[in-house]
Amino acid sequence: MSIVVFGASGNVGRHVVTGLNSVGAHVRMTSRNPGALPGGAEAVAADLDRPETLPAALDGAQSVFLYAKPEGIDGFVAAAESAGVQHVVLLSSVAATDPDPASNPIAWMHHRVESALADSDLAWTFLRPGMFATNLLWWWQESIRSQNEVYLPYPESRMAVVHEKDLAAVAVTTLTDPAHRGVAYPVLGTESITMRERVRHIADAVGRDIAVVESTVEHARGELEKTVPPVVATAILAGWKAATEQPPQLSTTVRDVTGRPAQTFAEWARDHADDFGRA
C-alpha cells in the first residue's frame, strides 16, 4: 500500500516525501510534470484540476497527503473513495476556523476543502498552520538580496510563524499512525516575535546588516500583489495590522505529535540563508 503525496515538489510536500522515506513507507509522488520531481520515490502524473488523472495516481493507495484546492476537491473525493483510500491528511489553515469563512478568501478555500472531506467516507486529519515562515521568501527575498533592505508597514507586528519542516514532520506522523485520524491540529509557532526581530535573525544568518524601512500600507500592497491576488493581499495586510494589537496564538502541536520540539525562527533563517544571499 502506498502513501500518495500531492504537491511533492512544494515547500512542505518535499519534506513529507523525505520524512516518509526515512521511515520506510512506500511513497508515490504526484505532479503535473513528474519528470521534474526528485528521485527516491515513485513519481506519477496527476492534476487536481483534471479528475481523469486521479484514479491511476490513487490506485492501491492507503493514505494521501493533500493540499487545499477547492476547485478540484469533489473530483478528488470521488476518485479517492473509488480507489479505496482510507485516510487523507490535509494541509489546511487555521483560517478554516473563521466563524464567517465566506468573508475571507483564505478561510473560504480551506473551509470548503475541509467540509468536503468531512462529509465524505474518507478518514481525515486536518493540519491547520498559521503563518508559514516560507512566505517571507515571497515578500522579502528580492529586496534583501538586491538592496539589503526590508520594507514593512507594521514592523512591530508580532506573529508565531511555523517552519515547513515542522509541518512535514507532523504530516508524516499523522500519515503513519492511525491514532491521529479524525483530529484537527493547529500547527502554530512556539515563539511570538516581531517582523523587525525576524529581519534581525535573517541578518545574523546571512552575515550582513539588513535595514528595516517603514513603508506605507499601499506600498506593501503593491509588493504583495506581485505574488498574490488583490483580495488575498488585503487579507494579509489586515492580519499584519491585527497582529500589532494582540498577541499571536502559540501551540505545542509539533512536540505533542512528533515528540520533538518545534524549530525556532533562527533555525529557519539559517536553513534559508542561501535564499537570502549568504555573505
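Here are a few things to note about the model shown:
- Computed with every protein chain present, the accessible area of Met131 is close to 50 Å² [probe 1.4 Å].
- Rounded to 5, the percent of DSSP beta bridges in segment 57-215 classed as antiparallel: 10
- Stretching the chain fully between Asp98 and Asn148 yields a gain of 14.3 nm (0.36 nm per residue, less the alpha carbon separation).
- DSSP beta bridge pairing in the chain, given as percent antiparallel to the nearest 5: 5
- HN-Hα J in Hz across segment 199-205 - Karplus 6.51, -1.76, 1.60, θ = phi - 60°, x for Gly and Pro: 4, 4, 5, 5, 4, 4, 5
- Computed from Cα positions, the angle between helix 73-83 and the longest principal axis of the chain comes to roughly 40 degrees.
- Considering only alpha-carbon pairs that sit under 8 angstrom and 6 or more positions apart, the relative contact order computed for segment 189-279 is 53 percent.
- Pairs of Cα atoms nearer than 8 Å and 6+ residues apart set the relative contact order; for the chain it is 17 percent.
- Of all lysines in the structure, those lying under 26 Å Cα to Cα from Lys241, and not within fewer than 8 positions of it along the same chain, are Lys226.
- Chymotrypsin sites (Phe, Trp or Tyr not before Pro) restricted to DSSP loop in segment 47-120 with at most 16 other C-beta within 10 Å: none
- Dimensionless Rg over Rh [the chain; C-alpha; Kirkwood]: 0.97
- Of the trypsin sites (Lys or Arg not before Pro) found in segment 1-68, none is in coil by DSSP with at most 12 other Cβ atoms within 10 Å of its Cβ.
- Summarising the strand pairing of segment 128-279, around 20 percent of its internal DSSP beta bridges are antiparallel.
- Database remark: amide H of Val187 closer than 5 angstrom to the amide H of Arg128, Gly130 (H placed geometrically; neighbours at sequence offset of 5 or more, or on other chains; Pro and chain starts carry no H).
- Cα-derived Rg over Rh, computed across segment 1-159 with Rh taken as Kirkwood radius: 1.02
- Selected from Ala279, Phe76, Ala169, residue furthest toward positive end of dipole (the chain; charges at beta carbon): Ala279
- In the chain, the longest principal axis of the Cα atoms and the axis of helix 135-147 are about 40 degrees apart.
- A 1.4 Å probe, protein heavy atoms only, puts the accessible area of Glu245 near 130 Å².
The values are calculated or read from the model by the stated rules, or taken from the named source; none is laboratory data. Keep in mind that this is a model prediction, so the values were computed, not measured. When we count neighbours, we look across all protein chains shown, and the Cβ atoms used for this are built from the backbone with ideal geometry, even at glycine. The protein model used for the area step is the full one, side chains on, heavy atoms only, and it has no ligands, DNA or RNA in it. Shrake-Rupley method; radii C 1.70, N 1.55, O 1.52, S 1.80 Å.
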